[in-house]
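Worksheet: the structure to be examined is printed underneath.
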Amino acid sequence: MSNVASRWSVGWAAPILGLAIFGIVGACRGTTIPASARSADAVTPERGEVLYSNYCAQCHKADGHGQESVGAPSIAGLPQWYVKTQLMNFRQGIRGAHFDDIEGLRMRPMSLSLPAQEDVDAVSLYVGTMRPVAPAPSVQGGDAGHGSQLFTTCQACHGTDGKGNEAMGAPPLTVQPDWYLVRQLGKFKNGVRGADPRDVKGATMRPMAQGLADEQAMKDVVGHVMTLR
Amino acid sequence: MIESLVQPGSTFAPDIDFVINLVGGLVFFWGGLTVAMFFWLLWRYRYREGVKALYVTGNEPELKRWINIPHYLIILCDLAIIGFAVQTWYKVKQDIPPVDDEIRVVGQQWAWTFQHTGPDGKMGTDDDIKTADVLHVEVDKTYQFTLESRDVLHSFSVPIFRLKQDVIPGREIQGWFHPTVAGAFDIQCAEMCGIGHGIMAARIIVETPEQHAAWLAGAK
């Protein structure tokens, strides 16, 4: 009788133990990013790398080089201050909340999925440490010669070398892919980006983009930017 | 049951709730009965010293009726479910009421955008109002919506309306709803659409006529 009883107890214990292990493993998997790390101490490149691989790498790739097929630009080489500003703009609906901003609408919920402000800081810090790249040109038909004349308007903020100027809120252009720059110029020109009243820097950029007559002018000026690398 | 968890907020929500409650109630009844029977049999024929197990084939009439009678009763329940489901399907998909206004709903990874007709009440004109993440409608008006996708499969889900409709790239899918309760409610995507699927949320603001007029005036 005692043998029968012990066999029964083992028989019931096995599935219960299995379920318990399953639950514990599941709980551990959900805590890849320590939820307790919510202080300024958590703003480190190491934590930023973990967050980046969880939230950003699917589109921007692990090396930050981006992929045109999903409209995700190269972000490696962008300075920390610019990445943070843009992430905050996305989170607050200043950018990426326009009906026609297809890529921005995709980016906005991803920026909101970062749980806390410290996470934004950490990701920005990490992206700022990524090795810059010079993405291969993919836009055809740009006249860099004509673009160099048009670029005189841009260089007041972005610099003659296109390396940007933090004091003006102007990001470096030379590390960004040409397809992305053409697309963003179009968005600024059409009010898809920079039209939100809270977007002070965007409001500066909009009339500059509106000064470009058409898409060819945008290709030309971006063609010149590609020569500055 | 379900209406106590999620408030019904459209004219067809009570009909859909009835079918869900009917299916849920019948499944609960038969499932509970089966589980109770199962444990009763486990207890009734538990191991006893000196008693050998009896092998039964299940073909004996007095045993087989334990299967047959519930089987016939469940078929009757199925027929009732089919009857009520077809009735509800007709009301939601076939018996479409006159439309008061139109909305264009565009799904994309991972946001909902909306095109409202604007003050002139006509879609595709200059005074259309385009929004991201927020849909404005008026209570007690019938809306026809057109669903479009910019990329992959999505599903336009408004739980309070009991509305869930797939959005398919390349197609313009139409449907309707008639809000009956004012307030702000959830819109969600109910079709796996990529890494941001779980956060592809928006809000529907169901407004009184005065609130809606004020929004229209301020939106342009």
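Annotations
- Tail beyond 24 Å, pair distance distribution of region B:101-219 (Cα, percent): 20
- Computed in the context of the full set of protein chains, the accessible area of region A:40-128 at 1.4 Å probe radius has 53% of its extent on carbon or sulfur.
- Heavy-atom accessible surface that B and A bury in contact, both chains counted, 1.4 Å, Å² to 100: 1400
- Listed peptides B:104-114, B:42-52 by packing density, highest first (mean Cβ within 10 Å): B:104-114, B:42-52
- Inter-part distance where region A:85-102 and region B:103-175 are each reduced to a Cα centre, Å: 20
- Rounded to the nearest 20 debye, dipole of region B:2-94 from Cβ charges on Lys, Arg, Asp, Glu: 360
- Of the DSSP H helices in chain B, those that are both long (alpha-carbon extent of 27 Å or more along the helix axis) and hydrophobic (Kyte-Doolittle mean at least -0.5) are B:13-44, B:61-89.
- Average partner coverage of A:208-221, which counts Cβ from other chains inside 10 Å: 0
- Peptides A:103-112, B:165-174 ordered by average Cβ neighbours within 10 Å, highest first: A:103-112, B:165-174
- Span per principal axis, largest first, for the Cα atoms of chain B (Å): 88, 37, 31
- Residues B:Val134 and A:Ala203, FRET efficiency given R0 of 22 Å [Cβ-Cβ distance, rounded to 0.05]: 0.45
- Selected from B:Ile82, B:Ile16, B:Ile160 as most flexible by GNM, with chain B as the system and alpha-carbon contacts under 10 Å: B:Ile82
- Relative frequency of Cα-Cα separations exceeding 18 Å in region A:144-227, percent: 36
- Computed FRET value (nearest 0.05) for A:Asp100 with B:Trp89, which takes r as the C-beta separation and R₀ as 45 Å: 0.80
- Neighbouring Cβ atoms from other chains, within 10 Å of the Cβ of residues in A:94-100, number 4 on average.
- Within 10 Å of the Cβ of each residue in A:104-113, the mean number of Cβ atoms contributed by other protein chains is 6.
- Backbone geometry of region A:97-113 corresponds, through the Karplus equation with coefficients 6.51, -1.76 and 1.60 at θ = phi - 60°, to 3J(HN,Hα) couplings of 10, 9, 3, 9, 8, 4, 5, x, 5, 6, 6, 4, x, 5, 5, 6, 6 Hz, x marking Gly and Pro.
- Distance in nm between pseudo-label sites at A:Gln210 and B:Gln7 (7 Å out along the Cβ direction from Cα): 4.3
- Whole-Å distance, taken between Cα centres, linking region B:1-18 and region A:157-229: 51
- Inverse of mean 1/r across different Cα pairs in region B:2-94, Kirkwood, Å: 16.7
- Full extension of the segment from B:Glu210 to B:Thr125, taken as 0.36 nm per residue of separation minus the current Cα-Cα distance, would add 28.3 nm.
- Where B:Arg150, B:Arg65 fall by accessible area, highest first, once all protein chains stay in place (1.4 Å): B:Arg65, B:Arg150
- Kirkwood Rh and Cα Rg combined as Rg over Rh, evaluated for region A:40-128: 0.94
- With only the Cα atoms considered, the protein assembly as shown has a convex hull volume of 221 Å³ per residue.
- Normalised by the number of residues in region B:101-219, the average gap of Cα pairs under 8 Å and 6 or more apart makes the relative contact order 28 percent.
The values are calculated or read from the model by the stated rules, or taken from the named source; none is laboratory data. Because the structure is predicted, anything quoted here is derived from the model rather than measured. Note that each Cβ is placed from the backbone with ideal geometry, even for glycine, and that neighbours are counted across all protein chains shown. Ligands, DNA and RNA are stripped out before the accessible areas are found, and what is left, the full protein with its side chains, is counted by its heavy atoms. Shrake-Rupley method; radii C 1.70, N 1.55, O 1.52, S 1.80 Å.
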